[in-house]
Amino acid sequence: MSTDNEIARAFLPVTDEVVQTDLTVTGEIPRELNGALLRNGPNPFSGRFAGNDVLDWWPEAAMLHGLTFSDGKARAYRNRWVRTRNWAGHFNADAAGELVESNPNINVIKHAGALLALSEGGQPIEITPELETLGASNALGTFSGGMTAHPKRDPVTGELMTFRADWNKPWLRYGVIDGSGATTVDMEIAVPAPAMMHDMAITETHSILMDTNVAYDFSMLQKGFRIPIRWQDSRQSRLCLIERDGGKVTWLEIEPCFIQHVVNAYNAPDETILLDVVRYPSYFKLDEGGEKFLPNPLGVLWRYSIDLKNGSVTEQALGDLHIELPRINETRMGRENRYFYAVEQPDHDEMRGIVRYDLKNGTTRHHPVPERDQNSEPVFVPRPGGVNEDDGWLLVCVYRDASNTSEIRILGAEDISKPPLATIALDRRIPAGFHGAWITAD
Ligand SMILES: [Fe+2]
């Protein structure tokens with residue numbers, strides 16, 4: 001078992017920005033991998049994280065990491081802080097007035113031709129594949145000023161479904177942005193109080209938001225908490241089912257919970273929607289004195305079955321493995337998926353190991369990662385022209401504790417228990433972070 005201090009090494013920030021082209025590769029990189037793996041996450045400008053919890057990482061500056069591939073070769077690794085007004089202030093840069101005040105440290109997407117770093121509700125910032133900051137973008141229509149870091153793209157229509165859960169009124173907006181960046185839906189959704197919503201789901205007909213027992217409590221700011229959110233027994237967890245084109249909104253009550261990330265959702269036979277998530281029975285719960293958080297339980301795969309005929313919801317665990325950061329082949333987004341991939345969590349402090357679920361057979365396959373090492377979420381890259389859902393690769397960033405360095409592993413998605421097809425070793429650390437994306441070379 002590793003101690004807290006040892007685990008924390010995977011979370012230590014890096015202090016500089018580099019471009020490295022002389023990369024050590026073992027194995028064979030698939031020639032069809034042409035593009036860049038981008039990874040976003042918080043990295044303080046100096047010093048280290050205040051603690052070892054997601055709420056300590058969340059406010060820290062956005063740093064992007066990128067590894068480019070072409071023609072069977074790993075070309076370059078880069079890391080860059082996103083140029084924000086905060087960045088300019090810290091480094092005494094001149095251009096502060098032209099920079100955006102936002103902290104897009106959560107995710108990366110490409111939409112309407114723009115590559116965007118996304119924040120938890122704040123303004124997205126456009127970047128280049130080389131991780132240079134371009135600045136404000138209007139590729140997200142009327143949501144360009146701020147939105148979730150987990151919008152969902154329909155792979156067939158090219159539409160991006162999104163929402164904004166704000167600390168200010170209106171507390172909740174839902175929208176659809178078409179493939180050209182034009183807003184086709186922008187509607188307010190009435191909620192009694194601001195909710196903490198991180199992820200969302202789509203099907204071919206509906207979008208689903210999750211309003212859980214975790215919500216804002218601004219009185220926490222006076223007590224010194226940096227992020228004023230906590231579990232609230234008094235709240236009723238609900239799914240918000242929205243007709244995707246901005247039609248009817250239906251609230252559906254569910255058991256008390258917190259949902260951080262969605263696996264996928266889709267329209268199933270008999271007018272049913274299936275929604276798979278990683279669910280927690282509680283999260284961010286304060287101790288009795290309201291002074292500090294209790295340890296969070298670990299999340300498990302959970303399925304909601306929504307009966308559209310009568311508006312009822314049934315829910316059940318689909319296993320007891322502790323997982324987070326689920327990813328699918330996103331060409332199946334909003335459609336029935338047989339497989340998904342996730343990080344395993346052997347305990348609270350570790351993200352160690354990758355699991356592949358086969359939802360049809362109820363089986364799992366595993367890519368184990370040794371004790372003391374840690375890994376990022378598995379990003380699925382479909383093989384160009386591939387037909388089968390699992391025809392592609394998983395790109396996983398693994399922190400190696402013994403060398404204090406990171407490596408990118410390329411796993412064959414159809415059997416992740418086999419050794420990696422290729423490993424690209426860096427001579428430095430990519431600190432543990434949030435989400436990443438595969439951006440194909442255009
Ligand atoms: Fe997330």
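Each reported figure results from applying straightforward, stated rules to the coordinates on display, with no laboratory input. Just so you know, these numbers come straight off a predicted model, no measurement behind them. Heads up, the Cβs are rebuilt from the backbone with ideal geometry, glycines too, and the neighbour counts pull from every protein chain shown.
Couple of notes before you dig in:
- Ser46/Lys418 FRET efficiency (R0 45 Å; Cβ-Cβ; nearest 0.05): 0.60
- Between Gln316 and Ala193, full extension at 0.36 nm per residue minus the direct alpha carbon distance yields a gain of 41.5 nm.
- Where only C-alpha atoms are counted, convex hull volume of segment 4-440 per residue in Å³: 141 Å³
- If you sort the three axes of the alpha carbon gyration tensor as a ≥ b ≥ c, you get a/c of 1.5 or more for segment 283-428 and a/b no higher than b/c, which makes it oblate.
- Charge sum, other residues only, whose C-beta stays under 10 Å from Thr142's C-beta, Lys/Arg counted +1 and Asp/Glu -1: +1
- Top of Asn52, Asn404, Asn388 by mean-square fluctuation, Gaussian network on the chain, Cα under 10 Å: Asn388
- Taking Ser237, Ser403 and counting other C-beta atoms within 10 Å, the order from fewest to most: Ser403, Ser237
- Average Cα contact separation per residue, the chain, under 8 Å, 6 or more apart, as relative contact order %: 13 percent
- Residues considered: Gly179, Gly66, Gly113. Largest GNM mean-square fluctuation over the chain, using C-alpha springs under 10 Å, is found at Gly113.
- Most mobile listed residue (Asp373, Asp347, Asp186) in the chain, GNM with C-alpha springs under 10 Å: Asp347
- Taking label points 7 Å from Cα along the Cα-to-Cβ direction, Asn388 and Val249 give a separation of 4.4 nm.
- Efficiency of FRET from Cβ geometry, Thr15 and Glu336, R₀ 51 Å, rounded to 0.05: 0.65
- Distance in nm between pseudo-label sites at Asp358 and Asp186 (7 Å out along the Cβ direction from Cα): 4.7 nm
- Neighbour-count ranking [beta-carbon atoms within 10 angstrom, fewest first] of Met200, Met63: Met200, Met63
- Prolate/oblate/rounded label for segment 68-169 (Cα gyration tensor, a/c 1.5): oblate
- Rounded if a/c under 1.5, otherwise prolate or oblate - segment 1-159, Cα gyration tensor axes: rounded
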